[in-house]
Amino acid sequence: MRTDASCPFCPDGEDCLHLFLSCPRAQSFWTHLQLDLTAVIDIEQMWIVNPFLESNQRIRTTVLTCTLWNLWKCRNAKVFRSEDESNLQVAARCHDDLLLWSNRCSTASDKSKLVEWSNFFIA
Ligand SMILES: [Zn+2]
């Protein structure tokens, strides 16, 4: 069992910024999604930079949260089950989660947008 704060994917230390942005594992996933996050220097900035170029704030926040949530689950698969998930697996889970979460939208328009975004991850 790991007792330090080292990253499960690389020799660097693990913190929030590393886990979601600077770790080669995270960068691989962002590249898989064809999103350029090189200008992002902290996690809070991700909501401002709007890497998904989504104008609706509710949708933007949901898609970004879903993506970070699934990077976290990818990390946990490695830490707790010694499983290396592929980018396709992580993306498929983003797709599934957004479809599920779309059922909680208060408007048909938001639901439709989330369904569209779910397809982005399996395109
Ligand atoms: Zn790392």
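At a probe size of 1.4 Å, how large is the accessible area of C105, to the nearest 10 Å²?
Approximately 40 Å² of C105 is accessible to the 1.4 Å probe.
For the chain, what is the calculated [θ] at 222 nm in deg cm²/dmol (nearest 500), taking -39500 (n - 2.57) for each run of four or more DSSP H residues and dividing by its residue count?
Taking each H run of at least 4 residues, the total per residue is -18500 deg cm²/dmol.
Mind listing the phi-derived Karplus ³J(HN,Hα) values for the stretch 103-111, rounded to whole Hz, using 6.51, -1.76 and 1.60 with θ = phi - 60°, and x for any glycine or proline?
3J(HN,Hα) across the stretch 103-111, in whole Hz: 6, 9, 5, 7, 10, 5, 5, 4, 4.
Is there a quick way to get the dipole size of the chain? I mean about its Cα centre, with the Cβ of Lys and Arg at +1 and of Asp and Glu at -1; what is the value in debye to the nearest 20?
Once rounded to the nearest 20, the dipole reads 380 debye.
HN-Hα J couplings of the stretch 64-78 from phi, Karplus 6.51/-1.76/1.60, θ = phi - 60°, integer Hz, Gly and Pro as x?
For the stretch 64-78, the Karplus curve yields 5, 4, 4, 5, 5, 4, 7, 5, 5, 5, 5, 4, 5, 4, 5 Hz.
Projecting each Cα onto the charge dipole of the chain (Lys/Arg +1, Asp/Glu -1 at the beta carbon, about the Cα centre), which of L99, L33, N70 comes out farthest on the positive side?
Selected residue: L99.
Within a Cβ distance under 14 Å of F29, other residues only, what is the Lys/Arg minus Asp/Glu net charge?
Neighbour charge sum, excluding F29 itself: +2.
Residue by residue through the stretch 40-49, which ³J(HN,Hα) values in whole Hz follow from phi under the Karplus form 6.51 cos²θ - 1.76 cosθ + 1.60 (θ = phi - 60°), with glycine and proline marked x?
Each residue of the stretch 40-49 in turn: 7, 10, 8, 4, 4, 5, 4, 6, 8, 5 Hz.
Restricting things to Cα coordinates, could you compute the convex hull volume per residue of the chain in Å³?
For the chain, the hull spanned by Cα atoms encloses 106 Å³ per residue.
Just grab the label-to-label distance for H32 and D12, each label 7 Å out from Cα along the Cβ direction, in nm (one decimal).
Spacing of the two 7 Å Cα→Cβ label points: 1.8 nm.
Mind listing the long-range amide H neighbours of C7? Cut-off is under 5 Å, sequence gap 5 or more, other chains count too, H placed in the peptide plane at 1.01 Å from N.
D12, G13, E14
The values are calculated or read from the model by the stated rules, or taken from the named source; none is laboratory data. Just so it is clear, the structure is predicted and the values come from calculations on it, not from any experiment. No Cβ is skipped: glycine too gets one built from the backbone with ideal geometry, and neighbour counts run over all protein chains shown. Each accessible area value is taken on the protein alone, full model and side chains, heavy atoms only, with ligands, DNA and RNA left out. Shrake-Rupley method; radii C 1.70, N 1.55, O 1.52, S 1.80 Å.
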